[in-house]
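The values are calculated or read from the model by the stated rules, or taken from the named source; none is laboratory data. Here the structure is a predicted model, which is why all the values come from computation and not from measurement. Cβ sites come from the backbone with ideal geometry, for glycine too, and all protein chains shown count toward neighbours.
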Amino acid sequence: MIKERIEELKDLLNKYSYLYYVEESPAVSDFEYDTLFKELQKLEEENPEFITPDSPTQRVGAIGEKFDEYKHKYRLYSLDNTYSYEELEKWYEKLTAEYGENVELVSELKIDGLAIALTYENGIFIRGVTRGDGITGEDITPNLKTIKAIPLKLFKNVDIEVRGEIYMPKTSFEKLNEENLKNGEKVFANPRNAASGSIRQLDSRITAKRDLSMFTYGAILEKGSEMPKTHYETLMYLKELGFKVNKNIRLCKNAQEVIDYCKEWETKRNNLDYATDGVVVKVNRLNIQEDLGYTSRAPKWATAFKFPPEEVSTKLESIELGVGKTGAITPVAILTPVQLAGSTVSRASLHNFDEIKRLDLRLGDTVLIKKAAEIIPKVVTVLKDSGHDHRKEIALPDECPACHEKLSTRPREVGLYCENPQCPAKVKALLEFWVSKDAMDIENIGPSVIEQLYNLGMVRNFADFYRLSVEDLLKLDLVKEKSANNIYEAIQKSKNCTLPRFITALSIKNVGKENANILADQYGSLEKLMEAAPQSLEEVRGIAGKMASDIYEYFHTQENVAIIKDLLALGVVPEHTSVVKSDKLKDLTFVLTGTLSTMTRSEAEEKIKSLGGKASSSVTSKTTYLVAGENPGSKFDKAQKLGVIILSEEEFLALLRKR
């Protein structure tokens, strides 16, 4: 009797979850669902022998030590991209030349998320694996079980591998960032990053708290199963099994209908509660797909049309001045709020006052803005009207907006600078960079926390972070005991850092990550670098004359030396161990752009260096390879113009394995 009741409750709760999270049509109230869930939970606690993997109570797991690698049974391929309708038409012409006119296509919105492979045996979810390099991924089954849109048990007892895209709704992303900002925790750049950070938590209870969902876009049925004949039928079959399939798919008779679909969604997509960056176009008939096959990286029967960066017009209301860690004064355009690529934009970068002059920008002008690399809003041009010439020109400031010291210029440099070392805005910018991912990588400390620490006089230089106690942190607004402990632990963890990170974090003028690595390799220790004579620095490959003098000056300024001595006395230990394990990539220079799915860009750069290669931040004629992830930026265009070899992430990983 108990077993029958447990089975009945499981079926009911799985059905209600499907109606709520997949069909978006709730059948019962939250109270009714919770009452049934608690009854099931109690029965299973009293009768653990009846607990099964498809039970709704098994969605939330625990903490794991690491994710295990898992080799995909069926490879996950990338997609070739097209950026114009002409390219789309040419792709379709090749199809019709071989298979006759009117090859039917399916158009689907390209969800900006994380690809995943789900395995079901006899209708039960048994494994979920990240895309990885397409051949090997990570088994994150416990985390995926927490996502309500992923059925634990299908409506039919079939063996099937399902492909889908994990995403975070925009509304959930905004809510998560608001909460993290209040708690002084990490703020995510976009919904895709938030989804990635959530799905790869070792503690699946954290994943469960994040509002993730999934759209299913394909499947591989085991032989002997009832096989659909078209891709569209496959999607309908997946709906029958209980999966969430995007309702905006469209069957198209030809390329023109696909183009119409793309044009329709280019702006309409901004009204959706999930991020999309293009349209995936697939040949509908599965026998043609099978006949066309694959290249080394992508199916020949599918392509992705990428939406161009959106541009919108708005009004320039005022100019706000920002102060960077170098003292550089950066003008920021304050705009009449406008919707751009799915978010409200009220500020845009102007870089420097030369840019204002180049644009002939004036207060009250109507400007065209776009998101550079679909992330950072920037002013593209001024839409001049009859009133433009009568509007007030933007004057150069003569004093710092934060400390009111007189601004200065520097030889051979564009821009205005505040040279006051005690300028509050400059100091806070330096502190923000110290904790950033590229520097000491101290998690849980955001701008709002630094603002409070500075205003309360707790942190005025880098060493002050390491004097903080949990009690100090509890004095901050909205920082509770758990957050205070997290911040404290993150600071302590950063004490054991690499020498390149430490050098980068010091914010020595003109010294970035690349030069920090060069200096660490050359001198091997902080002490030797600090003792280096100007002539010695001049002789280091990649360290220019002006940079050499800046480095020497930094380490011979009394205030800087005092802070470094404090850091060392407080237990900060910058150590350098050569990361070069082989010379596989010797004499090869790589530039990375876009978002990688299997590792961060920093991890990829470390891998390149460990194999003897060079990781550069800018594309030149000497660049050997550009590695392009999702949403590549302007480096991609420059590489194309210079004829630099462009590798996908999969091709990059294959190169590492082969060499």
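Descriptive notes on the structure:
- Residues (closer than 19 Å to V572 by Cα and aliphatic (A, V, I, L, M)) located in the stretch 520-541: A520, L526, L529, M530
- Scanning the stretch 615-632 for residues that are modelled with pLDDT of 80 or more, closer than 27 Å to M440 by Cβ and in contact with a helix residue (DSSP H, G or I) (Cβ under 7 Å, 6 or more places away or on another chain) returns A615, S616, V627, G629.
- Filtering the stretch 375-393 to residues that are touching a residue at least 60 places away in the same chain (Cβ under 8 Å) and out of contact with any strand residue (DSSP E or B) (no Cβ under 7 Å at 6 or more places or on another chain) leaves only I375.
- K153 vs. criteria out of contact with any Ser or Thr (no Cβ under 8 Å at 6 or more places or on another chain), free of Cβ contacts under 8 Å to residues at least 12 places away in the same chain and not assigned by TED's automatic domain parsing to the domain that holds A490: no
- Where helices (runs of 4 or more DSSP H) fall entirely within the stretch 210-299, none has at least 2 residues that are in the same structural domain as L647 (by TED's automatic domain parsing), among the basic types (K, R) and crowded, with 16+ Cβ neighbours inside 10 Å.
- Qualifying residue in the stretch 164-173 (condition: under 22 Å from the mean Cα position of the chain (by Cα), within 25 Å of N485 (Cα to Cα) and either among the aliphatic types (A, V, I, L, M) or modelled with pLDDT under 95 (or both)): yes
- Matching entry among L350, L340, L396, L363 (being in contact with a strand residue (DSSP E or B) (Cβ under 8 Å, 6 or more places away or on another chain) and at pLDDT 90 or above): L363
- Any hit, the stretch 15-31, residues being surrounded by fewer than 18 Cβ atoms within 10 Å (Cβ to Cβ), at pLDDT 80 or above, β-branched (V, I, T) and not assigned by TED's automatic domain parsing to the domain that holds R210: no
- Taking the stretch 519-574 as the range and being under 30 Å from K493 (Cα atoms), free of Cβ contacts under 8 Å to residues at least 24 places away in the same chain and of a type in the set (V, I, T) as the test, only T557 passes.
- Residue in the stretch 87-97 that is modelled with pLDDT of 75 or more, within 28 Å of the chain's Cα centre (by Cα), in a helix (DSSP H, G or I) and not charged (D, E, K, R) present: yes
- Residue that is hydrophobic (A, V, I, L, M, F, W, C) and either touching a Cys at 6+ places or on another chain (Cβ under 8 Å) or not assigned by TED's automatic domain parsing to the domain that holds L316 (or both), where the choices are V367, V414: V414
- Selection from the stretch 416-440 of residues that are of a type in the set (D, E) and either free of Cβ contacts under 8 Å to residues at least 40 places away in the same chain or crowded, with 17+ Cβ neighbours inside 10 Å (or both): E432
- Yes/no for A463 being assigned to a helix (DSSP H, G or I), touching a strand residue (DSSP E or B) at 6+ places or on another chain (Cβ under 8 Å) and hydrophobic (A, V, I, L, M, F, W, C): no
- Near pairs, Cβ below 8 angstrom, 6+ apart or cross-chain, from the stretch 70-97 (more than 22 Å from E630 (Cα to Cα) and among the charged types (D, E, K, R)) to any residue that is surrounded by fewer than 16 Cβ atoms within 10 Å (Cβ to Cβ) and at pLDDT below 90: K71/I135
- In the set G613, G633, only one residue is out of contact with any Leu (no Cβ under 9 Å at 6 or more places or on another chain) and either under 18 Å from G132 (Cβ atoms) or not assigned by TED's automatic domain parsing to the domain that holds I116 (or both); that residue is G633.
- The residues in the stretch 198-209 that are surrounded by 22 or more Cβ atoms within 10 Å (Cβ to Cβ), out of contact with any Leu (no Cβ under 7 Å at 6 or more places or on another chain) and free of Cβ contacts under 8 Å to residues at least 60 places away in the same chain can be counted, and the count is 0.
- Filter pass, V129 being in contact with a strand residue (DSSP E or B) (Cβ under 8 Å, 6 or more places away or on another chain), among the β-branched types (V, I, T) and either assigned to a helix (DSSP H, G or I) or within 25 Å of A302 (Cα to Cα) (or both): yes
- The residues of the stretch 580-603 that are out of contact with any strand residue (DSSP E or B) (no Cβ under 6 Å at 6 or more places or on another chain) and of a type outside the set (A, V, I, L, M), listed by number, are K581, S582, D583, K584, K586, D587, S597, T598, T600, S602, E603.
- Within the stretch 220-231, the residues that satisfy the criterion of being of a type outside the set (V, I, T) and at pLDDT below 95 are L221, E222, K223, G224, S225, E226, M227, P228, K229.
- Tally, over the stretch 474-485, of residues that are crowded, with 18+ Cβ neighbours inside 10 Å and either more than 29 Å from the chain's Cα centre (by Cα) or touching a residue at least 60 places away in the same chain (Cβ under 8 Å) (or both): 3
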